Amino acid sequence: MLQVKNITKRYTTGDFTQKALDTVSLNFRKSEFVAILGPSGSGKTTFLNIVGGLDHYDSGDLIINGKSTKHFEESEWDAYRNNSIGFVFQSYNLISHLGIVDNVEMGMTLSGIPASQKRKRAVEVLEQVGLGEHIHKKPNQLSGGQMQRVAIARALANNPDIILADEPTGALDTQTSMQILDLIKKVAQSKLVIMVTHNAKLANKYADRIVQFQDGRVVSDSKPYEEKELHLGYLLKKTSMNFFTALKLSGKNIATKKWRTFLTAFASSMGIIGIALILSLSNGFDKRINEFETDTMSGFPILISQSARTFDIETMREQQSEMLGTSAEGDKYPDAEAVYPYDASEDSLVHANTFTQAYLDYIEEMDVSLLSGISYTRLVNMNILKADGTTVKRVDTAALNFTAYPAEPEDGKVGYLKSSYDLLAGHYPQEMTDLILIVDRYNKVDMSILEALGMDASAAEIDFEDILGYQLKVIPNDDFYQQIDGYFTINPDLKNIYDGDDAITITITGILRANENTTLEAISPGIAYSDSLSRYFIENAQDSEIVAAQKEADYNVLTGEIFDNETVTLTDNTALSGLGNTRSNLSSSLSTVTLTKENMLSMLGADGTPYLITIYPVDFSAKEQITEYLNAWNEGKSDADTILYTDLAATFTNLSGSIMDAITIVLIAFAAISLIVSLIMVGIITYISVLERTREIGVLRALGARKKDIAHVFNAETFIVGTCSGLLGIALGYLLTIPTNTILYNLTNIENIAQLNPLHAVGLVVISVLLTMLGGMIPARIAARKDPVEALRAE
Ligand code: ADP
Ligand code: MG
């Protein structure tokens, strides 16, 4: 049944070669008790390991049931050990962190026997070896004799044909030894038992046959056997350990060193904690920014100016080149030591928007439900007079900060004024002739405005009542200007024209202040008028004498000067000067406009085309729809006919978003360093674990575990550590968001900035598992490659 033919095994250490077995030939019967005797170092253990498939011969052959093992693959040897061999060692070699039932079951687990069947069989063999009452114990709760009984039960569990016992009684006293040998003889009645011993007395008493070894050779055999050539079919059932078994094995091992595992998991969770916190913060900030966008940025209007040459030229260029499908010419930040002259007026990126009537109609047709208001800024200079007691004076509209307010929606909805400004006195504007006074957050009004209105600017305070009802008059061009010899001057009899029938009385009917939700008000403090007033004035002015004369003349009809590139300060202020940092840029670009004939005509009211259109969206999504609507106009238009707008909020948002992203990436990079450190640490700890579990590796291999299975065992260990550290990291990271939020609340007054996104949490646990498993990969491979014979010898 088992034939050993001329087997030779050499061990080479350095340049010394030891012949552990020297052409050994032995045949064994299917059922006999063979004792191998011989001095220490004679090759007995080596012989047993080779017969058991734990070690491999150099030359010769091992024939099992007529089948040569010369061309066995690794997996066949694994299956052979598992199916056909039961090992019993001198030092028992039980896996100490498993219960004795689990120890006995291990071989069956490896050959994939179902759990209930396994359990039944394990209990059966434990009862057979006389341990029926001890099945709930762990190995270290048993005596030496009892442990050897467990080892015998384990060897029997898979019902192998061959039991190999290497000095099974070597560590036991004589009486226990005899009990063990009785047991072996009894349980192995129908099996081949090969037992190594140095006790000749016991061998003579129990064995059927005694083989003597010396210097790697067989020197005597009490009962030789000559086997006829047999060719029986020999089927091996392949072994494998599933990941769950590996998990259970490592889980129980880890349970014996809880503190170390906890500390390892804690240390390697540091990186996860860091990243979790950083992600929570950036997540929270992102949310805040989005809320800010929706709440506040939606209050940022969309601007469409006749001259798109405005404030943030860089952003404008990018937006525009994107919209126009052109790219900026030349290199950005060139290295050349030269400057490149270009014609700004012909620069396609500085775009002149030409407002045609069709475009103005298109704007008018925009879905009103998207808008909380639209205001038009026109260059027209309305002729405004005030009566100061008995004298009548011109009003310096520049000093008034004279601005057009957006018309309220006609359907009675809450428009921009009502949603962004609180009414302090009077009423929101209703009539064309209604003026409003806008005060700042402290109810302050610039002295120059009050002085321009003719009020006592030196007073400590002025009652609302004294302001409400204050009247000014708008004078039509034909009353305001008089013609003398083709030139025009302002009629000096102001009192007369003030009282004239055509003068339009405009009245301050409301005092408004930006409410607390409005962080950036679009109408700056001062006096604001309705757009219908300027339209009314323009309609009237178009037929006026001065306009007709100016249309004819190539010179300025007021001064007689030929038009030149002279600049003039606009009397009409922009509706946008409240926009934070852009204010100074804006007002400087808008308040200095070249006084051309066209501008002169605009100022006189000859042309109703607005200079600037300001659109106030109701909310953030409306803003997106509006920009889509505005983009739709440009579809299929030539470059010259496209109308470009500026979305200030988009500029701000992009900026804040990309800054957050950059900060997040930098911080995560720092935290990632601690992840790498923990990767290395897990590698070291797993390696230590491999060293500690060397014997277990040997036992598992002897029971038929494949190299792969051993790697699985350690991968399972790192899987557990990785999962623990990931969960711990997430838990601690989450807990840390609480004090972080408290601190940030005290610093910034913003609640709950740090918020851990559940998706991030799951992702981080997965990353932690993957990284720790990566860290343990090399030690797991080392474990898998360990020679089982050496592993079993390890202390
Ligand atoms: P026994 O079990 O009869 O005491 P062994 O089979 O353990 O003897 O050893 C036989 C010989 O082979 C001894 O001389 C031993 O030193 C040598 N030997 C066994 N294993 C190794 C090894 N892994 N490396 C080198 N020499 C070895
Ligand atoms: Mg030995």
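The values are calculated or read from the model by the stated rules, or taken from the named source; none is laboratory data. Keep in mind that this is a model prediction, so the values were computed, not measured. Every residue, glycine among them, receives a Cβ derived from its backbone with ideal geometry; neighbour counts consider all protein chains shown. Remember, those area values only see protein heavy atoms, side chains included, never the ligands or the DNA or RNA. Shrake-Rupley method; radii C 1.70, N 1.55, O 1.52, S 1.80 Å.
Brief remarks follow.
- Within the range 666-722, the set of residues being within 30 Å of the chain's Cα centre (by Cα), surrounded by fewer than 22 Cβ atoms within 10 Å (Cβ to Cβ) and hydroxyl-bearing (Ser, Thr, Tyr) comprises 674 only.
- Residue among 466, 434 that is modelled with pLDDT of 80 or more, within 30 Å of residue 493 (Cβ to Cβ) and open to solvent by less than 30 Å² (accessible area, probe 1.4 Å): 434
- Some residue of the range 48-62 being in a helix (DSSP H, G or I) and either away from ligand 1 (no atom under 16 Å from the Cβ) or surrounded by fewer than 15 Cβ atoms within 10 Å (Cβ to Cβ) (or both): no
- The set of residues in the range 495-531 being in contact with a Leu (Cβ under 6 Å, 6 or more places away or on another chain) and under 30 Å from residue 561 (Cα atoms) consists of 498 alone.
- Candidates 142, 156 - the one that is under 60 Å from the mean Cα position of the chain (by Cα), of a type in the set (A, V, I, L, M), surrounded by fewer than 19 Cβ atoms within 10 Å (Cβ to Cβ) and away from ligand 1 (no atom under 16 Å from the Cβ): 142
- Within the range 515-525, the residues that satisfy the criterion of being open to solvent by less than 20 Å² (accessible area, probe 1.4 Å) and touching a Ser or Thr at 6+ places or on another chain (Cβ under 6 Å) are 518, 523, 524.
- Looking only at the range 487-506, and only at residues there that are farther than 17 Å from residue 393 by Cβ and open to solvent by 30 Å² or more (accessible area, probe 1.4 Å), the one that is modelled with the lowest pLDDT: 487
- Condition check for residue 662: free of Cβ contacts under 8 Å to residues at least 12 places away in the same chain and part of a helix (DSSP H, G or I): yes
- Listed by first and then second residue, the pairs with beta-carbon distance under 7 Å, at least 6 apart or on different chains, first residue in the range 456-479 and basic (Lys, Arg), second in a loop (DSSP other than H, G, I, E, B), are 473/503.
- Pairs with Cβ under 7 Å, 6+ apart, first in the range 15-36 and open to solvent by less than 60 Å² (accessible area, probe 1.4 Å), second more than 16 Å from ligand 2 (Cβ to nearest atom) and aromatic (Phe, Trp, Tyr): 27/225; 28/225; 29/225; 33/206; 34/28
Here is a yes/no grid of residues against (1) within 16 Å of ligand 2 (Cβ to nearest atom); (2) more than 60 Å from the chain's Cα centre (by Cα); (3) modelled with pLDDT under 90; (4) outside any strand (DSSP E or B):
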{"position": "9", "(1), (2), (3), (4)": "yes, no, no, no"}
{"position": "42", "(1), (2), (3), (4)": "yes, yes, no, yes"}
{"position": "75", "(1), (2), (3), (4)": "no, no, no, yes"}
{"position": "80", "(1), (2), (3), (4)": "no, no, no, yes"}
{"position": "87", "(1), (2), (3), (4)": "yes, no, no, no"}
{"position": "90", "(1), (2), (3), (4)": "yes, no, no, yes"}
{"position": "105", "(1), (2), (3), (4)": "no, no, no, yes"}
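- Any hit, the range 474-482, residues being in a loop (DSSP other than H, G, I, E, B), touching a strand residue (DSSP E or B) at 6+ places or on another chain (Cβ under 9 Å), open to solvent by 20 Å² or more (accessible area, probe 1.4 Å) and farther than 18 Å from residue 534 by Cβ: no
- Cβ-Cβ under 6 Å pairs, at least 6 apart or on other chains, the range 775-795 side modelled with pLDDT under 95, far side open to solvent by 50 Å² or more (accessible area, probe 1.4 Å): 779/687; 784/707; 794/695
- Qualifying residue in the range 98-106 (condition: under 22 Å from residue 706 (Cα atoms), within 16 Å of ligand 1 (Cβ to nearest atom) and either open to solvent by 10 Å² or more (accessible area, probe 1.4 Å) or out of contact with any helix residue (DSSP H, G or I) (no Cβ under 6 Å at 6 or more places or on another chain) (or both)): no
- Residue count for the range 211-242 under the criterion of being modelled with pLDDT of 85 or more and away from ligand 1 (no atom under 16 Å from the Cβ): the result is 5.
- Within the range 107-116, being assigned to a helix (DSSP H, G or I) and over 17 Å from residue 247 (Cα atoms) holds for one residue alone: 116.
- Among the strands (runs of 3 or more DSSP E) confined to the range 347-429, the ones with at least 1 residues that are farther than 30 Å from residue 628 by Cβ and under 51 Å from the mean Cα position of the chain (by Cα) are located at 421-426.
- Search result, residues across the range 159-168 that are of a type outside the set (Gly, Ala, Ser) and either buried (at least 24 other Cβ atoms within 10 Å of the Cβ) or free of Cβ contacts under 8 Å to residues at least 24 places away in the same chain (or both): 159, 164, 168
- Test: residue in the range 23-33 that is small (Gly, Ala, Ser), within 16 Å of ligand 2 (Cβ to nearest atom) and outside any strand (DSSP E or B): no
- Test for residue 55: is it closer than 18 Å to residue 162 by Cβ and not polar (S, T, N, Q): yes
- Leading residue by the ranking (nearest to residue 5 (Cα to Cα)) among those in the range 184-209 that are surrounded by 14 or more Cβ atoms within 10 Å (Cβ to Cβ) and small (Gly, Ala, Ser): 207
- Close contacts from the range 39-55, counting a first residue that is of a type in the set (Phe, Trp, Tyr) and a second that is outside any loop (DSSP other than H, G, I, E, B) and near ligand 2 (Cβ under 9 Å from one of its atoms), with Cβ to Cβ under 6 Å and a gap of 6+ residues or different chains, come to none at all.
- Residue 644 vs. criteria at pLDDT 80 or above and either under 30 Å from residue 480 (Cα atoms) or not in a helix (DSSP H, G or I) (or both): yes
- Scan of the range 37-47 for residues that are within 8 Å of ligand 1 (Cβ to nearest atom) and open to solvent by less than 20 Å² (accessible area, probe 1.4 Å), ordered by number: 38, 42, 43, 44, 46, 47
- Considered as a group, the residues in the range 210-226 that are in contact with an Asp or Glu (Cβ under 6 Å, 6 or more places away or on another chain) and buried (at least 18 other Cβ atoms within 10 Å of the Cβ) include one that is nearest to residue 153 (Cα to Cα), and that residue is 211.
- Of the criteria (1) modelled with pLDDT under 90; (2) of a type in the set (Gly, Ala, Ser); (3) farther than 27 Å from residue 542 by Cβ; (4) open to solvent by 40 Å² or more (accessible area, probe 1.4 Å), which one residue 457 fails: (4)
Results for (1) on the phi < 0 side of the Ramachandran plot; (2) touching a helix residue (DSSP H, G or I) at 6+ places or on another chain (Cβ under 6 Å); (3) in a helix (DSSP H, G or I), shown as yes or no for each residue.
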{"residue": "742", "(1), (2), (3)": "yes, no, yes"}
{"residue": "745", "(1), (2), (3)": "yes, no, yes"}
{"residue": "753", "(1), (2), (3)": "yes, yes, no"}
{"residue": "756", "(1), (2), (3)": "yes, yes, no"}
{"residue": "761", "(1), (2), (3)": "yes, yes, yes"}
{"residue": "767", "(1), (2), (3)": "yes, no, yes"}
{"residue": "777", "(1), (2), (3)": "yes, no, yes"}
{"residue": "791", "(1), (2), (3)": "yes, yes, yes"}
